[in-house]
Structures are given as C-alpha cells and as structure tokens.
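Step one of this worksheet: look at the structure below.
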Amino acid sequence: MRKVTINRKCVICVLMLLIASSLFAQVKENKVKKARDKDACFVKVRKPGELKQRIPEKMIMAIRILKVEGNINSQDVKFLKYLASRTTIKDTLGNKLEPFFDLDLTNATIMTNSFSKPGVSDIPDGFLKGSKLLRRILLPMNTEIIGISAFQGCEQIKEIKLPMGTKSVGAYSFSGCTALESVSLPRTLKDIGPGCYEGCKTLAIISLPDGIESIGAEAFKNSGIAKIQMPETVKSIGKGAFANTKIEFLEIPASLSKFDESSVSGCYRLQNFYVSTSNVSFSDINGILTDKNKSTIIKVPVGRQGKCELPQSVTKISSHAFANCKAIREIVLPKALAEIGNAAFSGCCGISSMIIPDKITKIPRRTFEGCTDLLLVRLPINLKEIGPYAFEGCTSLHEIKLGANVESVDTAAFSNSGIIEMDLTMVKNLGKDAFSKCSELKTVKLPPLEEIPSGAFRCSGLTSIILPQGVRTIGSSSFKLCKNLQNIEIPESVTKINQSAFAGSGLQSIVLPDAITLLANNVFESCKSLKIIQLPKYITSLSHNIFDGCSQLVSINLPDDIQAIGSEAFCRCKSLLSITLPTSLTTLGDKVFNGCSSLVTFDFPVSVRTIGRKTLYDCEGLQTVTCHWAEPIIIKDVIDNKTTTLSVPSGTLKAYKKAKGWKKFKNIVEY
C-alpha cells in the first residue's frame, strides 16, 4: 500500500508542474500578442509638427499601420518618411516583424508651405520617394496635386486610389513602383505627368477617366500596360508615353490633334490604331494611322507582320512611319508617292527589296538605316539626293545603281553597308564618312572633286582607287585603316593631306607631289607595310606622329628645307637603319626617334637648337651619336642607352662631360 501512495504523489506533482508551465506559457503568449497588437497606431494631430511627439517612443520602431488625422507640416512629413524607410521593424519585446508600412492619411491635411490653400492637400515633391516599406497608402481626401517623384521607387505598393478632386499627378510620381497592379483615377484628373508610371512592370490595365486632357512624356514607358482605355477628352500624348509596353491597340480620341511616333516605340505587340470618327486630324487605313485625308502614312503599328501594301491614295510617308517594324517582310509603295520622311523604314530588318517610285527626288536622313536584310533597291530615275545615313548598316546591300540625276551623296550615306563597288562619276557633292566601314567595298569611281571628304572611305575594304585630277585636299582619316589599299597615286594638284588620312592603311609605297605644303599629324601613322616614300621638296616641317609605327620603313630622304620635326614623328620605326637630318633643321620634338631600335648611328646637325625629351629613347642598337656644336646646347633627357658613344668636336670633351644631359653618356670621345 505504501508503494502505491508514493506513486500517486509523484503523479500529482507532475500534473501540478505541467499546469504551472502551461499557465506561464499562456501568460507569455498573451504578453507577446499584446506587444504585437501595438504595431497599429491612430494619431490625431492637434498642432502641425507634433506627430512624432504624439507617439510613445517605444512604439516608433513597432508601428506598421498608422492612421493620421489633422493638419501636418513638413516636419511631420519628414517623420513619416523615416517610418516608411526603416530597415527592420520590431515589436516592444524586440521580436522582428514582417517589414511593411501602411499609412492612412484620409482625414489628414498636408500643409508643407505658406502657400498651401486652407483645407487642401498638395502632396509635396519626393514625399515618400524610395520608401521600401510602404505597402499601402490612403491619400488625404482633399488632395488636389501629387508632386514630382512623390512615391517614386516605392516597390511594395500594389494599389493606388487617387481621391476625387485630384487634378494633377506630377512627373515620376509613381515611377519604379514595380509591384503596382491597380490604379484608380478620379474624373477630376486633368494631367498625368511625365514618367508618372514608368517602370511599373506589374501594371497591366488602366482606365483613364473622362476629363483627362494630357498624358506626359514616358508616362507609362516600360510598364506592363497591355490595355488602356482612352477617353475622348485627351488632347496630347507625350513622347514615349507608351514606349516598350505590351499594348496591342491604341485608340486615338476625338480631341487629339498631334501624334508623336515615339509614343509607341518598342511596342512590338501593337497591331492596330483605332481613330475616333469625330477626330478632325487623323484617320486610319486597316489599322494604320494616317492623316484625315488618308494621303499621309503617319505610323504603322510596330507589331505588323508579313506584307504591307499601301493604297494608291498615299502621297507621303512621314518620318519613322515604318521604323522598327521588324516582322514586315515586304512593303509595296504606291506610284503616287512623292515624299518620304526621315528614318521612314529604319530598323525594318525583315525587308529584302524595295522599289522606290519615280516621283521621289530625295532619300532623306536614315531612311533605310539598319535594314540588315535589304538586298535590292531600285532607285527612282528622278532621284537627286541621298541623305545622311540613308543606307547606314545595310550590310546585305552589295550593289546599288545611282541614276544620272544624283547630285549628292551625304554624310555616312552608305556607312557600314555591304556595297562592293560604286560609280560616283555623276555626283557633285560627296559627304564625309560616306563609305566608312564598308568592309566589302573594293573599287570606287570618283567624280571631279576638289577635296576627298573626311573619313570618306575610312575602315573600308578598298584595294584600289584613282583620285581625280584637280583634287587639292585629301581629308582627315579619308583612307584610314584601309588595310587592303597597297598603292595610291596622288595627283599633282594636291596641296594638303590632312590628319590621319592614310593612318593604319596597307600602303607599301607612295610618292607625294612637290605641290604639297601641308602633311598634317598622323598622316601615315601605323602604316606597317610602308617601305618607300618620297616626300615633297618644299615642305618645311614634319608633323607629330607622321610616321609613328611605320615598322617596315628602312630609310627616308628628308627635303633640304625641313626646319622642324614634330613629336614622335618616327617613333617605333623599328626597321629604320639610318637617317640624314638636313642642315636647315632647328627643332626636334619629344620622342622623335623613340623606339627606332635598328638605328646604328645618329648625327645632330649644328643647325639644331632645340631637342625634345627622350628623342633617342629605346634605340637599343644605337652605337654612336655625333654632335657638331663647339659649345653644347641645353638638353634634358635625350637617350637611355648607356653603351652608346658620344662623338664631339676636338677640344670640347670637358665641356660635354660637364654639360647637363650630355654628361649622362658614359663614353664621350673627340673626333
């Protein structure tokens, strides 16, 4: 019996411990729950500026839901921004809570400056910009204006409802709100500011209320908008307003009088424009936007595919009308077409051919730029001008025949195209960079010109070219990096060759006529195959870097009248064995013969009075340097080869051993 009694006592003790433990846990849980309940707070502000003081200090870090009533000022706004920008939220017991912040300002009035209207809230610029915790916001019901970037970058906001009475939404006010899914706009709203919903990637549908008049530039750019209801009251749509969105159609309301093609750039799902029958400025042809008379093509939906045949009523195609219609494979132009705008077909990388009607006299700027599949173009017989960059980047276009009436081929007209040969004999004006980067270009027939334009054939595949008699100037970089151009005959009429004209080309030899008076900087720089060159008789100077990097140049005869040689003129001419400097020479620039590792001897004429720094640096093979000055001239740092012998006039040994710069020579001898 005693043993049984002991067991009962043990059981009773265990039960009492369990009950006590349960009660303690319940008390603790109630305390935690009570602490967590304090993440919500209602504050009635009696005096602007006292919002923070109305909240117990222990609650500030715990608040996740805040409702404010009364008038608040800029000091209160600063406190709200702090609450919405916290990195962590903890309850009063120190436990971490899910990070979010919901703010209800329905019955608050924001008065941030002395100009604020009584009883009216204007949400200030940058109000809660970049607030990562802000999940929900209820705006004051007396809101009229939402300032610039007010909620920009608030990445948790999912829903926005603008109060009745709101008239204007400022630029970028909700841009970058990447979780925003729903927007409700009041009928009092007149303007949506530039970039207002830019980058709101989850915002798919929006209904604009009747009464709205203006949609700002880039207002919905890069958003997720796939459908938008456009009221008849809209008068203006800004540049890039719907750029890079998913819209499949766009309604053109009755009040719209201007349309910028960039408003729908990058909308690759766009199939149709629907124009209100009440609109007095626009109409549409099978979903293509036109003027009211249907004679001008304004914009073709970028998402169109296959073949596009324009009606015979069309006489004009506006700038960028077909731009970036990448899925269109064929465009048939009407015979009545008389005008094509800038970049009309740019980026139409799917078209392979184009017949341009004979009424066209000008192909303007960037018309076919980037049409990478374009193989065949029939130009009109009345064509007079090919504008800048007209066929730039048409890499599949290997052949094109210019008509007899073409007078002008403008800047970079065929740059980076696939042209193989070109007859320009009828052309009067050739623009700079006209055929630059045409890597497949082999031959060109030039018209009579006074100047070869700058960069005209830069980086092209030219193997030969005949320069016209009468040409006076070869422009800068005109044949730069033409690595297949081994020889060229320079006409006697040439007087100037400008900077880098033949730099990096494949020239092996060249004879320069005596009429040339100017050879500019870098003219033959990095012509690594150049072995033979005949310089003009009457030039008086050699410019900077003129033969820099001509690694196969073995020898060169300098004209008798040369007075100055510019910096690095013969730098890195590794094969140069010898050079005789004329007695007219007075000035040598810095590093003139730097890196001429094959030079064995070098002679400074007595006429030289100025020698630049490092003139003979890195000349490893240089054995002897000869000077002719009875009294050493001042130099700084001419040579770094310690084995080179300096040969000086008889009786001047001591002077050279003491002279600055010259005394660095370890071996100085007299002759």
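The values are calculated or read from the model by the stated rules, or taken from the named source; none is laboratory data. Bear in mind the structure is a predicted one, so any value in this text is a computation, not a measurement. Reconstructed Cβ throughout: ideal geometry from the backbone, glycine too, with neighbour counts over all protein chains shown. Note: accessible area is taken over every heavy atom of the protein model, side chains too, but ligands, DNA and RNA are not part of it. Shrake-Rupley method; radii C 1.70, N 1.55, O 1.52, S 1.80 Å.
Some notes on this structure:
- Accessible area of region 54-104 divided out per residue, in Å², using a probe of 1.4 angstrom: 50 Å²
- Partners for Lys642 among aspartates and glutamates (Cα-Cα distance below 15 Å; same-chain residues under 8 apart left out): Asp618, Glu620
- Dipole orientation for the chain: of the candidates Ile252, Ile146, Ser478, Ile146 has the Cα lying most toward the positive pole (charges on Cβ; Lys, Arg +1; Asp, Glu -1).
- Over 27 Å (Cα to Cα) - which of Lys326/Lys483; Lys384/Lys445; Lys246/Lys359; Lys67/Lys201 fall in this group: Lys326/Lys483; Lys246/Lys359; Lys67/Lys201
- Shape category assigned to region 601-671 from the gyration tensor of Cα positions, a/c cut at 1.5: rounded
- Distance cut-off 17 Å, percentage of C-alpha pairs in region 257-372 lying past it: 51 percent
- Remark: region 437-454, residue by residue, has Karplus-estimated 3J(HN,Hα) of 6, 7, 5, 9, 5, 10, 9, 9, 9, 8, x, x, 9, 8, 9, 7, x, 4 Hz, where x stands for each Gly or Pro and the curve is 6.51 cos²θ - 1.76 cosθ + 1.60 at θ = phi - 60°.
- Computed about the Cα centre, the dipole magnitude for region 314-449 is approximately 220 debye when only Lys and Arg (+1) and Asp and Glu (-1) carry charge, each at its Cβ.
- Nearest-10 value in Å² for the accessible area of Glu440, using the 1.4 Å probe: 70 Å²
- Each of Gly199, Gly240, Ser131 was placed along the dipole of the chain (beta-carbon charges, centred on the mean Cα), and the one lying farthest toward the positive end is Ser131.
- Accessible-area value, Met141, 1.4 Å probe, nucleic acids and ligands omitted, Å²: 120 Å²
- At an R0 of 56 angstrom, the distance between the Cβ atoms of Lys657 and Arg472 translates into a FRET efficiency of 0.60.
- Per residue, the accessible area of region 563-623 comes to 41 Å² when a 1.4 Å probe rolls over the protein heavy atoms.
- FRET efficiency estimate (nearest 0.05) - Cβ-Cβ, Tyr268 to Thr443, R0 45 angstrom: 0.65
- Protein accessible area in the chain, 1.4 Å probe - carbon and sulfur %: 50 percent
- For region 389-449, a crude dipole built from +1 on the beta carbon of Lys and Arg and -1 on the beta carbon of Asp and Glu, taken about the Cα centre, is about 120 debye to the nearest 20.
- Efficiency of FRET between Lys227 and Ile355 - r from beta-carbon atoms, R0 51 angstrom, step 0.05: 0.85
- The mean sequence distance of close C-alpha pairs (under 8 Å, at least 6 residues apart), as a share of the length of region 153-272, puts its relative contact order at 19 percent.
- Near-label residues of region 565-609 by backbone N, under 14 Å of a point 7 Å along Cα→Cβ of Gln552: 574-576
- Computed from Cα positions, the angle between helix 2-37 and the longest principal axis of the chain comes to roughly 60 degrees.
- Potential lengthening between Lys666 and Asn95 on full extension [0.36 nm per residue; Cα-Cα distance subtracted]: 197.5 nm
- Rolling a 1.4 Å probe across the protein heavy atoms gives region 149-202 an accessible surface of 38 Å² per residue.
- Relative contact order computed over the chain (Cα-Cα under 8 Å; 6+ residues apart), in percent: 3 percent
- Share of pairwise Cα separations in region 567-633, more than 16 Å, in percent: 43 percent
- Mean residue ellipticity (222 nm) of the chain, computed from DSSP H runs ≥ 4 via -39,500 (n - 2.57), nearest 500: -3000 deg cm²/dmol
- Label sites at Glu631 and Glu50, each approximated as a point 7 angstrom past Cα along Cα to Cβ, lie 9.3 nm apart.
- Cα centroid of region 71-106 to Cα centroid of region 421-466, whole Å: 68 Å
- Of all DSSP beta bridges confined to the chain, the antiparallel ones make up roughly 10%.
- Relative to the longest principal axis of the Cα atoms of the chain, helix 74-84 runs at roughly 90 degrees.
- Hydrodynamic radius of region 79-143 per Kirkwood, over alpha carbon pairs, in Å: 13.3 Å
- Gain in span if fully extended, Ile420 to Gln623, counting 0.36 nm per residue against the direct Cα distance: 68.0 nm
- Shape of the chain, Cα gyration tensor, a/c cut at 1.5: oblate
- Mean projected area in nm² (Cα convex hull; one quarter of hull surface) for region 483-526: 2.8 nm²
- Label-point gap, in nm, between Ser575 and Ala327 - each point 7 angstrom along Cα→Cβ: 5.8 nm
- Cα shape, region 124-199, gyration tensor, a/c 1.5 rule: prolate
- Shape summary: region 181-268 maps onto an equivalent ellipsoid whose semi-axes, from the alpha-carbon gyration tensor, are 17, 15, 11 Å in decreasing order.
- 18 Å cut-off, amide nitrogen to a point 7 angstrom out along Asp373 Cα→Cβ, residues in region 312-332: 322-332
- Entries in Lys292/Lys362; Lys81/Lys239; Lys614/Lys658; Lys90/Lys221; Lys90/Lys117; Lys442/Lys496 that, when Cα-Cα distance is taken, lie over 28 Å: Lys81/Lys239; Lys90/Lys221; Lys90/Lys117
- Which of Ala321, Ile452, Ile381, positive extreme of dipole for the chain (C-beta unit charges): Ala321
- Cut-off under 5 Å, modelled amide H: who pairs with Ile137 long-range: Leu103
- Integer Hz, Karplus 6.51/-1.76/1.60 couplings in order for region 412-421, x for Gly and Pro: 6, 4, 10, 4, 6, 9, x, 3, 9, 9
- In order along region 566-572, the phi-based Karplus estimate (6.51 cos²θ - 1.76 cosθ + 1.60, θ = phi - 60°) of 3J(HN,Hα) comes to x, 3, 6, 4, 10, 4, 6 Hz; Gly and Pro are listed as x.
- Aspartates and glutamates with Cα under 19 Å of Lys96, excluding same-chain neighbours fewer than 8 positions away: Glu29, Asp37, Asp39, Glu57
- Between Asn113 and Asp514, the simple label model (points 7 Å from Cα in the Cβ direction) yields a spacing of 7.8 nm.
- Spatial separation of Cα centroids for region 172-203 and region 601-658, in angstrom: 75 Å
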